[in-house]
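The values are calculated or read from the model by the stated rules, or taken from the named source; none is laboratory data. Quantities reported herein were computed from a predicted structural model and do not represent experimental measurements. Neighbour counts run over all protein chains shown; Cβ positions are idealised from the backbone, glycine included. Heads up: the accessible areas ignore ligands, DNA and RNA and are worked out on the full protein's heavy atoms, side chains in. Shrake-Rupley method; radii C 1.70, N 1.55, O 1.52, S 1.80 Å.
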Amino acid sequence: MKTKITELFGIEHPIIQGGMHHVGFAELAAAVSNAGGLGTITGLTQGTPEKLANEIARCKEMTDKPFAVNLTFLPSLTPPDYPGLIKEIIDAGVPVVETAGRNPAEYLPALKEAGIKVIHKCTSVRHSIKAQSIGCDAVSVDGFECGGHPGEDDIPNFILLPRAAEELEIPFVASGGMADGRSLVAAMALGAEGMNMGTRFIATQDAPVHQNVKEAIVNATELDTRLIMRSLTNTERVLNNEAVERLMEKEKRLGDDLKFEDILDEVAGVYPKIMHEGTIEAGAWSCGMVAGLVNDIPTVQDLINNIMSQADEIIKSRLQNF
Ligand SMILES: Cc1cc2nc3c(=O)[nH]c(=O)nc-3n(C[C@H](O)[C@H](O)[C@H](O)COP(=O)(O)O)c2cc1C
């Protein structure tokens with residue numbers, strides 16, 4: 001399938017794997033790129049420029065196809081060495097960077113000068129327009145359904161995507177709630193040029209995370225995610241568990257007095273325990289409502305092949321026959 005996104009990134013299928021903390025390692029990124037999509041290494045999981053350089057080198061050993069690095073800009077008391085991370089990305093010749101969090105304007109000139117394509121993940125039309133105005137090549141429009149940080153507007157993709165299509169000139173992919181060929185065709189009908197998936201890619205054989213995490217996603221329904229940290233204006237969609245219920249009880253009790261320090265036990269440094277040790281109740285971890293559509297743990301290659309053949313079948317049979 002040829003779209004503006006496949007052309008922009010030099011990939012075969014318009015399917016992107018979004019950056020995911022402690023999930024987006026070289027193994028997953030390479031598997032997605034080898035299957036014809038765009039895989040993404042999560043920069044901040046590596047933390048230091050040296051470790052990121054090493055992860056990029058490992059990915060290059062596993063694929064000769066284009067892949068991306070995600071740079072998430074979060075408010076932090078001790079910010080990561082973003083210029084150092086960017087230098088490694090440029091030196092390694094990584095062709096695409098997925099930015100997320102706050103506006104990437106400060107770092108854009110260095111990336112653009114190096115010929116890197118930048119796709120910025122946005123949860124609103126106004127942020128998408130801003131991304132376009134500062135020179136991003138594409139945006140990933142992340143609806144309310146998404147795993148991770150959906151922003152504070154709560155607009156689902158059935159509204160957000162056509163609104164983005166009305167306003168944007170640069171191409172965009174649909175992100176949040178995407179799982180299969182139906183998602184892809186629907187996203188394209190609403191104006192997107194492809195789709196970005198997070199949760200769906202975790203439940204694959206290639207995702208280098210503990211089996212417990214994959215099974216938790218398969219066992220979850222669309223009713224099993226919760227929104228946390230709203231009062232901190234840092235809303236995150238996570239899979240419900242004991243830690244999340246504890247956290248939500250604190251939110252209810254403390255109301256607007258809640259501070260980040262009150263929930264450190266439930267959110268700080270929990271990802272390695274969850275993703276690698278499989279202690280899935282250790283804290284809150286991002287997961288999309290799309291878990292309700294995830295019922296198997298295929299290889300990434302099979303997942304992408306199935307998405308493309310289902311999309312083809314829907315376009316050529318189901319839609320043609322109306
Ligand atoms: C476990 C997990 C970790 C994530 N970590 C990040 C991250 O570090 N940076 C980022 O930009 N997005 C992150 N995301 C968001 C994904 O890149 C993607 O935008 C989102 O999962 C799309 O929604 P979906 O889960 O419904 O497919 C994360 C998502 C999940 C599920």
Starting with the highest mean, order 144-151, 230-237, 207-214, 187-194 by the number of other Cβ atoms within 10 Å, averaged over the residues of each peptide. 144-151, 187-194, 207-214, 230-237
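With runs of 4+ DSSP H residues as the only contributors, calculate the mean residue ellipticity of the chain at 222 nm using -39,500 (n - 2.57) per run, divided by the residue total and rounded to the nearest 500. Walk me through the numbers on the way to the answer.
On the way: 15 runs with 128 residues, N = 322.
One gets -11000 deg cm²/dmol as the mean residue ellipticity at 222 nm.
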When averaged across all projection directions, what area in nm² does the alpha-carbon convex hull of the range 1-144 cover? 8.2 nm²
Order by accessible surface, 1.4 Å probe, largest leading, for residues Lys2, Lys117 comes to Lys2, Lys117
The chain - percent of accessible surface contributed by carbon and sulfur, probe 1.4 Å: 52 percent
Note: Gln301 to Ser133 extended length (0.36 nm per residue) minus current alpha-carbon separation gives 56.9 nm
Under 10 Å, Cβ to Cβ, from Asn212 - net charge with Lys/Arg +1 and Asp/Glu -1: -2
So if we plug the beta-carbon distance of Asp64 and Lys250 into 1/(1 + (r/R0)^6) with R0 = 56 Å, what FRET efficiency do we get, rounded to 0.05? 0.70
Accessible area per residue for the chain in Å², computed with a 1.4 Å probe and the full protein assembly in place, what is it? 43 Å²
With an 8 Å Cα cut-off and a minimum separation of 6 or more residues, compute the relative contact order for the range 221-265 in percent. 32 percent
Given contacts defined as C-alpha pairs under 8 Å and at least six residues apart, what's the relative contact order of the chain, whole-number percent? 17 percent
When the Kirkwood radius is taken over all Cα pairs of the chain, what Stokes-Einstein diffusion coefficient follows at 4 °C and 1.567 mPa s, in µm²/s? 66 µm²/s
The range 9-134, relative contact order in percent, only Cα pairs under 8 angstrom and at least six apart counted: 22 percent
Put +1 on the Cβ of each Lys and Arg and -1 on the Cβ of each Asp and Glu in the range 216-322; which of Gln320, Gly278, Leu239 then has its Cα farthest toward the positive end of the dipole? Gln320
In the structure shown, of Lys121/Lys273; Lys87/Lys252; Lys4/Lys316; Lys4/Lys87; Lys65/Lys130, the pairs separated by more than 32 angstrom at the C-alpha atoms are Lys87/Lys252
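What is the antiparallel percent of DSSP beta bridges lying wholly in the chain, to the nearest 5?
Here the share of antiparallel DSSP bridges comes out near 20 percent.
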Provide the FRET efficiency to the nearest 0.05 for the Asn234-Asp91 pair, computing r from the beta carbons and using R0 = 41 Å. 0.80
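Quick one: plug the Kirkwood hydrodynamic radius of the range 198-321 (C-alpha pairs) into Stokes-Einstein at 4 °C, 1.567 mPa s, and report D in µm²/s.
On the way: Rh = 16.0 Å.
Value of D from the Cα-based Kirkwood radius: 81 µm²/s.
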